[in-house]
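Enquirer: Have a look at this one before I ask anything.
The values are calculated or read from the model by the stated rules, or taken from the named source; none is laboratory data. Here the structure is a predicted model, which means the values were calculated and not measured. No Cβ is skipped: glycine too gets one built from the backbone with ideal geometry, and neighbour counts run over all protein chains shown.
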Amino acid sequence: MTPHQRCDKPIFLLSCLLLATIGPASAQKVPVMEKTLSNGLRLLLVERHDEPTIAGGWVAHVGSSNEKPGMTGIAHLFEHMMFKGTRTIGTSDYEKDQAILKQQEEVRDEMRSEECQMRKRLRRGEMDDLLKPEDWTPRYRELQARFKQLVEDERKFIVKNEFDRLLSGAGASGMNAFTSEDMTAYFETVPSNKLELWAWMESERIFHPVFREFYSERDVVFEERRMRTDSTPLGKFQEQFNAMFWESAPYSWPTVGWPSDIAAISKAQADEFYATFYAPPNITLILVGDFKPEAAEAMVRKYFERIPRGSKTAPDVKTLEPKQMAEKRMHAEADTNPQLQILWHTVPFGHKDSYALEILGELLSNRTGRLYKKLVLGSGVATDVGAGQNSQKWEGSFSASGEVREGHKPEEVEQGIYNCLETLKLEPVPASELQKVKNNFAAAEYRRLSANSPILMHLIENDGLGDWREINEAGPKFQAVTAAEVARVAGKYLTPENRTVAVYTRKAGTAPKTAAKE
Amino acid sequence: MKKIQTTACALTLLLCSAGFSLKTTAQDNGIADRPEKLSFPPLNYEPPAQARFRVTLPTGPIAYVLPDRELPLVNIAIYVKTGEYLDPAGQEGLADLTGYLLTHSGTKSKSADALEERLAFLAAHLSSAVSGSQGSVTLNLLSKDVDEGLGILREVLTAPRFQADKIELRKQQLLQDMQQRNDDSSGIEGREAGFLAYGEHFWENRQPTAASIQSITPADLAAFHQAWFYPSNLIVAVNGDFDRAEMIGKLNALFSGWPFAGKPPVAVPTNTVFAAPGVYLVNKPEVNQGRVSMLLPGVRRDNPDYFAVAVMNDILGGGFNSRIVNRVRGEEGLAYDAHSTFAGGTYYPLTFSVGFQSKSRTVGYAASLAMEEIRRIAAEPVSDQELNTSKHGFIDRFPRAFATKGQTAAIFAQDEFTGRYATHPDYWKNYRSRLAAVTGADVQRVARKYLTLDKLVILAVGNKEEMLLGQPGHPVKLQELTGGKFTELPLRDPLTMRPLPLSPAK
């Protein structure tokens, strides 16, 4: 049985590996056709006839880095809302649906002023938790009941998950979306004879989204946060470590949002967000697969050029991360084996130093990398290690991490990592070691081209970060990195004052029994 | 604040006016007002015929050979009839350790580090594992290096070194992983759900312990390897940049003159035991979300009801537009992930299961909603729309199973491995017609037959006090949801798997 496994709408955090690996000048280029529609929407086409499918997606150039305090998490919540339907999809009576949505907002306005009062009580210590039903004011409970009734009323007109049903029932698979700090992307694979359905559905939801079930979806996102962050051993600590690392760059808050903000985002804010960040010039459509480019372009123009350009232009992010002046440290006691992570501020996507930093990351990583050889196989202070450059859209970071071997201390692993880095700063990497890493960048370029869907995802990531052309242009730049450049970037960025360190030790009382010593 | 409100109004206007313009221009640019009005060219697709790619190598293995010249890569996967079910009592973890170390502990001619270094220079990916009922060795590399790669593969398969320092390192890594067994509630849930579904003594649930890992010697690893890694016990799948006849010759050479004989394969044991109905709870006080598995006895994949079961489950909780997702997630916002699965077992029946994660206090309520949906699909016929959406979805997605040569080779090799190709050679050819034949009556019949709530087992892992407290407005008690009794399960010592004392009630 072919499984129809659909995970959900995850938040992907960009892995540096996704960016790390493109090959030499001689390697295969991805033949991409780029078009710009009359409303400013961009279109990328990759013709490929290996399988009778088309992987279709689009990336909106907006992520949690475009948010502000008080509404963190809105980019991601918005991604969820894009599955709720349109004027014609998801409702049996648009006019009645709209009337109820309006009434719902009126009740919500009253609830918001009550929430404002409850926040005051919380700050005075008169209640513990805004989400605890027993602590709610009688007025708030009454409003909650009224709102619940309006949700029941709306349900009569809701056609549940119709957007998904129309696509899935036509053979679409892998339908999903993700939000990161830098981008929001939506994608699925359709049988190659259903390109027009894809164009109909996707243009319709960009053109006429209706944010039904907004407040229950907010609860869903809260459960997503509990699942990924609150209820995992390290989730909350990593969130705070990240917040500690970024001082001013808009990466310091979690993409899923702070708990207080998720519970406070209003539909009006979502509407404003849509008008600003989902205007056609801020979106790139991408099709990879079994189509004729001329026919596909005509189809896309027919459906997507009906969307007006809109009057707003997405604002640039202006805040730059200041130079870090002193080392920062966090020591966390958690339900985990002792381990540590070190982050340094580096450079964003496309920066001329990013290629040497990616190479440096690979030199340190894997079972034949420097850290494994020194700390796992050599001194034996660690059981696992890792490192890598993460080039994001506005800023970048370099990470090194290790799990401490039983009987050793986190400080030994930390010092071991610094020793490896010092060697790299002082002694040029031998030619064969550098070539090994470059060979892997080149081979990875081929491996990524095995099917429509990974090619689509690679285009989404690169376009979302700033320029899809990097998928063909980064390869030669990796191959050109010299040993001297590796030493230079290590010396320039991986300095003591530029680092932030998280050390985790096992929380007292959760240590496993010592049967190992039996 | 003012600015936001102004924009919201402007947006509403935009939507309305855009709506009118869509209606008026619908005829002009020929855009239908509903997607159902679109018509599509036919898509003719037939799955590749397995027999065309099947080769019996004179040296023993069955191979599937699929040339594909698009990229300069070759992918070789070797499946081994072995598994963790063959772990001797007291040496739980032997199969897993052998599987990992086969490619990570050197060979006769190369130390482990020299081997890793050479593979890394070639940008070749070599890995191996032994899981529940299968072993595998895979190699992916550039086609220019295929001869060197096959040479390495031959050494790994016939003469692994099992270098002592690599054994010790891997054991230490496993022991440290073991220490984290109770750290994440999802790990606890998976382990305890396995115990409830198949019985604590079923082979799948025999957990490695610190003592069992430490008891494993280099001789044990070598003996396990030589017992099962021999040519006629292997199935091979190869795809990529090569000439078919040349590759067959190379594979045949790879398996010729094997230095040891091995043991005859042993059937996978099937003696599962399903737990007594009831609610089972593991207390994990530090989390704010409960993880829930709701279990019922399941089927094997060769069950004649299997296609009806697949459609029924898809409608109930398989897809994003399924009933459980619509109810628990969409309407009530009680979970991010809510789903049901009803996979058919290859060797023994798996289970039907509903899984979700909800904030501690709504765990009982969400479980009661899932139970309502289970009752409803058994009590009432599904709608034609649900039935058709599900069936068309399965049928139209079908070509994706064979989207790449690598996937195709893997499917064929798996069917050979599990014996389905021998018993049902036309399985994929008939896949769509068997799905198309499923009726609404079939769906209801299998729901009644298999979704028998009197057998229901519910497992909840999370904050006990809060989960049992429930949520105001929803008078549901988690501990009373099933007819069976309520049991608090102890956490287990992560290194011995012995039950730890229950924490005293507050």
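Enquirer: Out of (1) touching a residue at least 40 places away in the same chain (Cβ under 8 Å); (2) not in a loop (DSSP other than H, G, I, E, B), the odd one out for residue B:381 is which?
Expert: So the condition that residue B:381 fails would be (2).
Enquirer: From the residues in region B:213-243 that are in a loop (DSSP other than H, G, I, E, B) and hydroxyl-bearing (Ser, Thr, Tyr), which one is nearest to the chain's Cα centre (by Cα)?
Expert: B:230
Enquirer: Return a yes/no flag: does region A:285-298 have any residue that is within 17 Å of residue A:75 (Cβ to Cβ), among the small types (Gly, Ala, Ser) and assigned to a helix (DSSP H, G or I).
Expert: no
Enquirer: Further question: If I filter region A:468-475 for residues that are within 27 Å of the chain's Cα centre (by Cα), away from every other protein chain (no Cβ under 14 Å) and assigned to a loop (DSSP other than H, G, I, E, B), do I get at least one hit?
Expert: So far as region A:468-475 goes, yes, one or more of its residues are within 27 Å of the chain's Cα centre (by Cα), away from every other protein chain (no Cβ under 14 Å) and assigned to a loop (DSSP other than H, G, I, E, B).
Enquirer: May I pose another question? Can you go through A:314, A:270, A:275 and tell me which one is in contact with a Ser or Thr (Cβ under 7 Å, 6 or more places away or on another chain), at pLDDT below 95 and not in a loop (DSSP other than H, G, I, E, B)?
Expert: A:275
Enquirer: Among the residues of region B:331-341, write down those that are facing chain A (nearest Cβ under 10 Å) and either crowded, with 23+ Cβ neighbours inside 10 Å or over 26 Å from residue A:155 (Cα atoms) (or both).
Expert: Passing the criteria: B:334, B:335, B:336, B:338, B:339, B:341.
Enquirer: Only one of these conditions is not met by residue A:423: (1) closer than 26 Å to residue B:119 by Cβ; (2) within 14 Å of another protein chain (Cβ to nearest Cβ). Which number is it?
Expert: Exception for residue A:423: condition (2).
Enquirer: Could I ask something else about it? Out of the residues in region B:51-69 meeting the condition of being within 14 Å of chain A (Cβ to nearest Cβ) and under 29 Å from the mean Cα position of the chain (by Cα), tell me which one is surrounded by the fewest Cβ atoms within 10 Å (Cβ to Cβ).
Expert: B:67
Enquirer: In region B:441-480, which residue that is within 14 Å of chain A (Cβ to nearest Cβ) and small (Gly, Ala, Ser) is nearest to the chain's Cα centre (by Cα)?
Expert: The extreme case among them is B:460.
Enquirer: If I go through region A:311-350 residue by residue, how many of them are more than 22 Å from residue B:286 (Cα to Cα) and more than 26 Å from the chain's Cα centre (by Cα)?
Expert: 4
Conditions tested, residue by residue: (1) within 30 Å of residue B:382 (Cβ to Cβ); (2) in the same structural domain as residue B:64 (by TED's automatic domain parsing); (3) in contact with a Ser or Thr (Cβ under 7 Å, 6 or more places away or on another chain).
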position: B:234; (1), (2), (3): no, yes, no
position: B:248; (1), (2), (3): no, yes, no
position: B:260; (1), (2), (3): no, no, no
position: B:268; (1), (2), (3): no, no, yes
position: B:271; (1), (2), (3): no, no, no
position: B:293; (1), (2), (3): yes, no, yes
position: B:301; (1), (2), (3): yes, no, yes
position: B:309; (1), (2), (3): yes, no, no
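Enquirer: Go through A:156, A:84, A:160 for me and flag whichever is closer than 20 Å to residue B:321 by Cβ, in contact with a helix residue (DSSP H, G or I) (Cβ under 9 Å, 6 or more places away or on another chain), surrounded by fewer than 14 Cβ atoms within 10 Å (Cβ to Cβ) and within 13 Å of another protein chain (Cβ to nearest Cβ).
Expert: Going through A:156, A:84, A:160 in turn, the sole match is A:156.
Enquirer: Another one. For region B:352-378, what are the residues that are of a type in the set (S, T, N, Q) and either surrounded by fewer than 24 Cβ atoms within 10 Å (Cβ to Cβ) or part of a helix (DSSP H, G or I) (or both)?
Expert: B:353, B:360, B:362, B:368 - these are the residues of region B:352-378 that are of a type in the set (S, T, N, Q) and either surrounded by fewer than 24 Cβ atoms within 10 Å (Cβ to Cβ) or part of a helix (DSSP H, G or I) (or both).
Enquirer: Which members of region A:429-461 meet the condition of being more than 10 Å from chain B (Cβ to nearest Cβ), assigned to a helix (DSSP H, G or I) and closer than 25 Å to residue A:490 by Cα?
Expert: Passing the criteria: A:431, A:434.
Enquirer: While we're here: One residue is enough: does region B:190-201 have a residue meeting the conditions more than 28 Å from residue A:230 (Cα to Cα), surrounded by fewer than 21 Cβ atoms within 10 Å (Cβ to Cβ) and at the interface with chain A (Cβ under 10 Å from one of its Cβ atoms)?
Expert: No, region B:190-201 contains no residue that is more than 28 Å from residue A:230 (Cα to Cα), surrounded by fewer than 21 Cβ atoms within 10 Å (Cβ to Cβ) and at the interface with chain A (Cβ under 10 Å from one of its Cβ atoms).
Enquirer: Could you please give the count of residues in region B:391-412 that are part of a helix (DSSP H, G or I), at the interface with chain A (Cβ under 8 Å from one of its Cβ atoms) and among the aliphatic types (A, V, I, L, M)?
Expert: Looking only at that region, the number is 2.
Enquirer: Of the residues B:355, B:330, which is more than 24 Å from residue B:440 (Cα to Cα), more than 18 Å from the chain's Cα centre (by Cα) and not hydroxyl-bearing (Ser, Thr, Tyr)?
Expert: B:330
Enquirer: Something else about it: Of the residues A:95, A:162, only one is under 28 Å from residue B:398 (Cα atoms) and acidic (Asp, Glu); which?
Expert: A:162
Quick grid of which residues meet (1) farther than 28 Å from residue A:211 by Cβ; (2) facing chain A (nearest Cβ under 9 Å); (3) of a type in the set (Gly, Ala, Ser); (4) within 23 Å of the chain's Cα centre (by Cα):
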site: B:272; (1), (2), (3), (4): yes, no, no, yes
site: B:275; (1), (2), (3), (4): yes, no, yes, yes
site: B:301; (1), (2), (3), (4): yes, yes, no, yes
site: B:305; (1), (2), (3), (4): yes, no, no, yes
site: B:317; (1), (2), (3), (4): no, no, yes, yes
site: B:348; (1), (2), (3), (4): yes, no, no, yes
site: B:365; (1), (2), (3), (4): no, no, no, no
site: B:368; (1), (2), (3), (4): yes, no, yes, no
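Enquirer: Further question: From A:390, A:366, which residue is closer than 22 Å to residue A:437 by Cα, crowded, with 18+ Cβ neighbours inside 10 Å, away from chain B (no Cβ under 14 Å) and touching a helix residue (DSSP H, G or I) at 6+ places or on another chain (Cβ under 8 Å)?
Expert: Unique residue meeting the criteria: A:390.
Enquirer: Same structure again: If we scan region B:244-256, do we find a residue that is part of a loop (DSSP other than H, G, I, E, B), of a type in the set (Gly, Ala, Ser) and at pLDDT 95 or above?
Expert: yes
Enquirer: Collect the residues in region A:263-276 that are closer than 30 Å to residue A:459 by Cα and touching a Phe, Trp or Tyr at 6+ places or on another chain (Cβ under 8 Å), keeping them in residue-number order.
Expert: A:270, A:271, A:273, A:274
Enquirer: To continue, here is another question. For the structure I just gave you, tell me whether residue A:357 is touching a Gly at 6+ places or on another chain (Cβ under 9 Å), part of a helix (DSSP H, G or I) and closer than 24 Å to residue A:463 by Cβ.
Expert: For residue A:357, the condition - touching a Gly at 6+ places or on another chain (Cβ under 9 Å), part of a helix (DSSP H, G or I) and closer than 24 Å to residue A:463 by Cβ - is met.
Enquirer: Go through B:211, B:124 for me and flag whichever is among the small types (Gly, Ala, Ser), under 18 Å from residue B:493 (Cβ atoms) and touching a residue at least 24 places away in the same chain (Cβ under 8 Å).
Expert: B:211
Enquirer: Take residues that are of a type in the set (S, T, N, Q) and tell me which of the helices (runs of 4 or more DSSP H) falling wholly in region B:76-190 contain 2 or more.
Expert: Correct list: B:164-178.
Enquirer: So, residue A:487, is that one in contact (Cβ under 8 Å) with a residue 12 or more places away in the chain, assigned to a loop (DSSP other than H, G, I, E, B) and over 28 Å from the mean Cα position of the chain (by Cα) or not?
Expert: no
Enquirer: Identify all residues within region A:364-387 that are over 18 Å from residue B:171 (Cα atoms) and in a loop (DSSP other than H, G, I, E, B); write none if there are none.
Expert: Of everything in region A:364-387, those that are over 18 Å from residue B:171 (Cα atoms) and in a loop (DSSP other than H, G, I, E, B) turn out to be A:365, A:366, A:368, A:369.
Enquirer: Check residue B:82 against each of (1) of a type in the set (S, T, N, Q); (2) within 14 Å of chain A (Cβ to nearest Cβ); (3) crowded, with 20+ Cβ neighbours inside 10 Å and name the one condition it does not meet.
Expert: If we test residue B:82 against (1) of a type in the set (S, T, N, Q); (2) within 14 Å of chain A (Cβ to nearest Cβ); (3) crowded, with 20+ Cβ neighbours inside 10 Å, just (2) comes out false.
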